Amino acid sequence: MTTITYPLSRIEGHARVVIDVYDNEVFRADFQAMEMRGFSHYVRGVPAEQITVIVPRICGVCSTAHQVASVKALEDVFGITPPPLASDIREVLLLGQLIQNQATSLFIFTMPDRTNASSLFELSQSEAGKAREFSLAQMALKIRKIGTDLITLAGGQFIHPIKTVIGGVSSGIKREKADQMILTIQELLPVATELVDIYWEMSMEMGDRIGSWGDDEPTHYLASTEANNYCLNSQRLRVMQPDGTEAPSFDPHDFEAYLQIAESEYSYAGVSSYMGQILRANSLARINLTESLGTPRADAYLRRFVQTFGKPAHAIMFFDLCRGIELVYALEKAQQMLEGDLEHGETEVGYAPKDGTGFGLVEAPRGPLIHRYEVENGLIKTADFVIPTVHNMLAIRRALTVAAKRYVGPEGINAELERAVGRVVRAFDPCIACATK
Amino acid sequence: METSKDLPKFAVLQLSGCSGCEVSLLNSDEWINNFQLVYMPLVVTSNKIPDDVEVLLVTGGVRTDEDIHNLRKGRSRTKKLIAVGTCALSGGVAQFKGNHIARESFLKASHRLRLPDMLPNAYPIDRFVDVDLYLPGCPPTPQLFMTALKDPENAKIAAIVCQECGRQKLNDMRPTSITGPRSGVVLPDICLVNQGYICVGTSTRGGCGALCTRPGHACVGCRGPANPYLNKEPKFVLDNLRRVFARMTDIPAEEIDAVLESPWLSLFLGQFTDYTQEADLPLRTKEKML
């Protein structure tokens, strides 16, 4: 038996792919998280109200989602509901995170795969090629920065935000700041759509070149956005079944009845399943579960996607295209929300700390994220973090097996397998820091 | 345009951390024009650090046996090594700081087949290699990254966070109780300590632009101790904070002590101060601290 190990780059955290080949047949393909963050251990005994400062540090890429989920879980324990203005500002914050994340995944992580480059910052030798790539990198970082600026505006800090507090948010968003941000978005939205178009084109060419869009077996999809409301500060979990019909939705309090999470022997990340079946979360799951995004440009991309690839769409490279649709949506939606009044009105409600168990759900860029805390005598007794990347673990493994079988045959192992492995994993945009919480 | 091949090479080695430092670096696009990024697994496909790197930034703490190996290998391939972020300087949030229940629970859950082994604790990187420059912060701001890369020798870093905060300290506003980690309405332009917040900006090194305290969030000390408290026992920085609160507030000393030792602050403040208790570590002089 031959074991091939591929270290991975252009993903968050330390992970590798291991493929066992026996007699020119793929025996096993595995995706392994090689580090362990262990926050569910560190936070034991921490005063409950302090956990919202600690858990954003699970991951610098996803800190916003963790902070909001954490605050929502404690609000659930204390039995309070934040005022509508606070929910809106949290939504702007989560949109900022979606922009930052999708721009990173699209342009920094996966665009180099389309041109077989090693990074967005690698410039070719020819002057023409160099100028084009340089401008792509500059454009991509500009779009990404809108996300960062929105997080700063609505979260008070560009990483590990602080403005979301138990009961609401610590302050509104001033008109002049909102107006500045709107101007930036207006100026850069055409740049974003141009980038998304270039990316789309490059993806079509890559699909033609390779002759496959990857694992396309129908699967369960999990998301917490609604069919006609893409609210990321979400309330319930929805599941699409492999045949495209929707299963009953469920409340985060009941997640254990639907999602089974198990430890893994060969990885520091666990794996989850839906009623024992493989499931997928992240962009493609949301888009498959969406009728309309509610903003004009994004809905146009959505129609084009559905007309071209059908609904539900299953091939894994569609995750990447769906991130492009979401990037456009998040920019448009953030502008819409900033045009409203986010300055005046009640920003937070008071609360009395108490003991109990609470659940906090948000739709993070990688899928539904749930924090569950058990509070006893004002301290965290146990903390569970239900992580979107973990929902995708079985799907990643299956997609890797599909790719490995494509490139391993009687003539041996095709060198293209290394690139394929990178493309497959990046389609799911896994986050290892979160997955090993 | 200058060809990228002529620019000085820099690399980023990620040990065990959250990638927040890398995200912060990416938030500055200024380096694109000044440096050639040759290794940074988060954004570049390259399996090894080239052996002619000018500057190696190391993020994350030493958590696994593999981290030690990669760190030593990285040191041998660079002229200059910069420790970046709270984790590289102290081990970070993964350090257990005397919490034996958490440590046992973690270590019990952390064994896997064929994967790097977890060490008993998370360690600062200068326990294993020489460090030329320290860049603290969780994460350091993009501006601080650029200073570290371009011209750290001539950097002017504010001594403490208060210097950049701009909030006024009042003599006649003396709170009698703690306002809580953060609750209630924050008055603009007035020092957070006057308003009863446990803000540790008075002992924390500046350079961050006071980006938490200006909008009204108490400093948690992520940039670590200011110069007078470097390489000193924890009690020096804690005593200074106690003096500040005694001078500016009427909050009972026991209440201040309880917060200063809470997990919320121990994330940063406690870690940097604990660090100094390890006798075999090299001194971190103020010249090496950005």
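Worth a mention:
- Anchor B:Lys79: lysines whose Cα lies under 26 Å away (excluding residues fewer than 8 positions away in-chain): B:Lys5, B:Lys9, B:Lys48, B:Lys150, B:Lys156, B:Lys286, B:Lys288
- Each of B:Leu241, B:Leu230 has some number of other Cβ atoms within 10 Å of its Cβ, and from fewest to most they run B:Leu230, B:Leu241.
- Gyration tensor verdict on the stretch A:303-346 (Cα atoms; rounded if a/c is under 1.5, prolate if a/b is larger than b/c, oblate otherwise): prolate
- Degrees separating the helix A:127-155 axis from the principal Cα axis of chain A, which is the longest one: 20
- Cleavage-rule hits, GluC sites (Glu not before Pro), the stretch B:35-126, DSSP coil, Cβ neighbours within 10 Å at most 12: none
- In a simple Cβ point-charge model (Lys, Arg +1; Asp, Glu -1; nothing else charged), the stretch A:2-435 has a dipole of about 500 debye relative to its Cα centre.
- Helix-derived mean residue ellipticity, 222 nm - over chain A, DSSP H n ≥ 4, -39500 (n - 2.57), to 500: -14000 deg cm²/dmol
- Values of log10 I(q)/I(0), in the order q = 0.20, 0.23 Å⁻¹, for the stretch A:313-437 under a Debye, Cα-only, solvent-free model: -1.16, -1.27
- Neighbour cut-off at most 16 other Cβ (10 Å), DSSP loop, trypsin sites (Lys or Arg not before Pro), the stretch A:229-311: A:Arg236
- Stretching the chain fully between A:Asp243 and A:Asp20 yields a gain of 77.1 nm (0.36 nm per residue, less the alpha carbon separation).
- Across the stretch A:374-380, rounded Karplus estimates of 3J(HN,Hα) from the backbone phi angles (6.51 cos²θ - 1.76 cosθ + 1.60, θ = phi - 60°) give 10, 10, 9, 6, x, 10, 6 Hz, Gly and Pro being marked x.
- Sequence-distant contacts, meaning Cα pairs under 8 Å at least 6 residues apart, place the relative contact order of chain B at 17 percent.
- Crossing angle, helix A:318-339 versus chain A [Cα axis fit, 0-90 degrees, rounded to tens]: 30
- Computed from Cα atoms, the angle from the helix A:84-103 axis to the main principal axis of chain A rounds to 20 degrees.
- Available extension along the chain between B:His69 and B:Ile190 is 38.7 nm, counting 0.36 nm per residue and deducting the alpha carbon span.
- Less than 5 angstrom separates the built amide H of A:Thr295 from none of the residues sequence-distant by 5 or more or on a different chain.
- Charge dipole (the stretch B:162-275, unit charges on Cβ, about Cα centre) - positive-most of B:Leu265, B:Ser203, B:Ile251: B:Ser203
- Neighbour cut-off at most 10 other Cβ (10 Å), DSSP loop, trypsin sites (Lys or Arg not before Pro), the stretch B:76-175: B:Lys156
- The distance separating the Cα centre of the stretch A:1-67 from that of the stretch A:353-417 comes to 9 Å.
- Take the Cα of A:Ala300, step 7 Å toward its Cβ, do the same at B:Asn33, and the gap between the two points is 3.3 nm.
Bear in mind that the values in this text are calculations on the coordinates, not laboratory data. Being a predicted model, the structure only gives us computed values, none of them experimental. Note that we place each Cβ from the backbone using ideal geometry, even for glycine, and neighbour counts take in every protein chain shown.
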